[in-house]
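Remarks on the structure that follows.
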Amino acid sequence: MKDFLRINDFSLEELRGILALAREQKPAARAHTLAHSHPNRQLACVFAKPSLRTRVSFEIAIRQLGGNSLFITDKEIGMGTRESVKDVAKVLSRFVDGIMIRWFDQGEVDELAEHATVPVINGLTDLLHPCQVMADIMTVEEHLGSIDDKNVVMVGDGNNLANSWLNAASVFPFNFTLTCPAGYEPDEAILAAAEAAGASFRITNDPAEGVDGAHVIYSDAFYSMGQEEEAVKRRQDFAPFRLTNDLLAGADKDHIVLHCLPAHRGEEITDEVIDGPHSVVYDEAENRMHAQRAIIATFMK
């Protein structure tokens, strides 16, 4: 294992190993007693998109392992514009022990990993968000015991999160439903790969039908960075997909609600839901750090 780019690049045993390490490390990290297993390791954190959770969680995670982080923006490296992706990969590999990248183009992240000689971790692209979904699975299992055979329902856009949930459903034995407006389905190649892998999933345009019997209900913003010009149309198209108590009435009585944040309160999710008794969004946010620290520890030797 060299890079962490897609969840379905790995076996169930390998992914379970990462999650087991995250659970093992979490109490010690909270108590500030976690052993420094990676002293003097340097993690380059490359950002084309800003983020509260991604930056803070990765920077703290590497420090908890005894290493250091370096914050780099796209303006500084000009990857793919001022300098080729290959050259950036080769040069950074001489300076650091690992690269975390939060970027737009998945193809450029794949190219970076191809030419880098150090591990590359996909912190987010327009296509995928694997670290978030690993933290989400960790959160589900903390609250529901196991994700196995659970009904995981995402209400909203067939975006990078939906794509990574499909990748996860290709490995983990849970049932995934995306309920979205027509025309907002996930990436066709990822859908085809999930079907070929035997993943249990479905897509419906009826939010009430989608959440019926759900154990996990997932929400995300109706539009992301780079989609601001589509915001008015998306608000109209996604209005029936807002998480409200009425919509969630058909879910399993012990369901949990996830949201990767930031949330547009009142838009894709109401205050009564995100602040309600079924919400575990802050546990989910914290687990970004724990899941990603386990990924760093696994891949950065």
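The numbers here are math on the coordinates, done by the rules we state, and not lab data. All figures in this text were calculated on a predicted structure; none of them were measured in a lab. Reconstructed Cβ throughout: ideal geometry from the backbone, glycine too, with neighbour counts over all protein chains shown.
Two decimals is fine: what is log10 I(q)/I(0) at q = 0.11, 0.12, 0.13 Å⁻¹ for the chain, from a Debye sum with one equal scatterer on every Cα and no solvent?
Scattering profile of the chain, log10 relative to I(0): -0.64, -0.77, -0.90.
Mind sorting Cys45, Cys131 by how few other Cβ atoms lie within 10 Å of their own Cβ, fewest first?
Starting with the residue having the fewest Cβ neighbours, the order is Cys45, Cys131.
Could I have the simple spin-label model distance between Arg235 and Ala28, label points 7 Å from Cα toward Cβ, reported in nm to one decimal?
It works out to 4.9 nm between the two label points.
Please sort through the DSSP H helices of the chain and keep those with an alpha-carbon extent of at least 20 Å along the long axis and a Kyte-Doolittle average not below 0.5. Present the calculation step by step, with values, prior to reporting the outcome.
On the way: long enough: 12-30 (27 Å, -0.34); 130-144 (21 Å, 0.35); 281-299 (27 Å, -0.35).
Counting only whole DSSP H runs, no helix qualifies.
Within the set Lys2/Lys150; Lys26/Lys75; Lys49/Lys233, which residue pairs have Cα atoms separated by over 27 Å?
Lys2/Lys150; Lys26/Lys75, as the Cα separations exceed 27 Å there.
Over the alpha carbons of the stretch 130-284, what is the largest minus smallest coordinate on each principal axis, giving the biggest first in Å?
Between the extreme Cα coordinates on each principal axis of the stretch 130-284 lie 36, 36, 28 Å.
For the chain, what is the relative contact order in percent, using Cα pairs closer than 8 Å and at least 6 residues apart in sequence?
Details: 578 pairs, mean separation 61.1, N = 301.
Once divided by the residue count of the chain, the mean separation gives 20 percent.
Highest mean first, what order results for 51-62, 272-283, 165-176, 28-39 on Cβ atoms within 10 Å? Intermediate results must be reported in sequence, preceding the final value.
Values: 51-62: 19.4, 272-283: 16.2, 165-176: 22.9, 28-39: 12.9.
In descending order of packing, they fall as 165-176, 51-62, 272-283, 28-39.
Name the residues of the stretch 115-155 whose amide N is less than 18 Å from a point 7 angstrom out from the Cα of Glu83 along the C-beta direction?
It comes to 115-121, nothing else.
Pulled fully out, how much extra length does the chain show between Ala208 and Asp283, if you take 0.36 nm times their separation in residues and subtract their Cα-Cα distance?
24.4 nm
Based only on Cα atoms, what mean projected area does the convex hull of the stretch 1-79 have, in nm²? Could the numbers behind the result be given before it?
Working: hull surface 25.7 nm².
Taking the Cα atoms of the stretch 1-79, their convex hull projects to 6.4 nm² on average.
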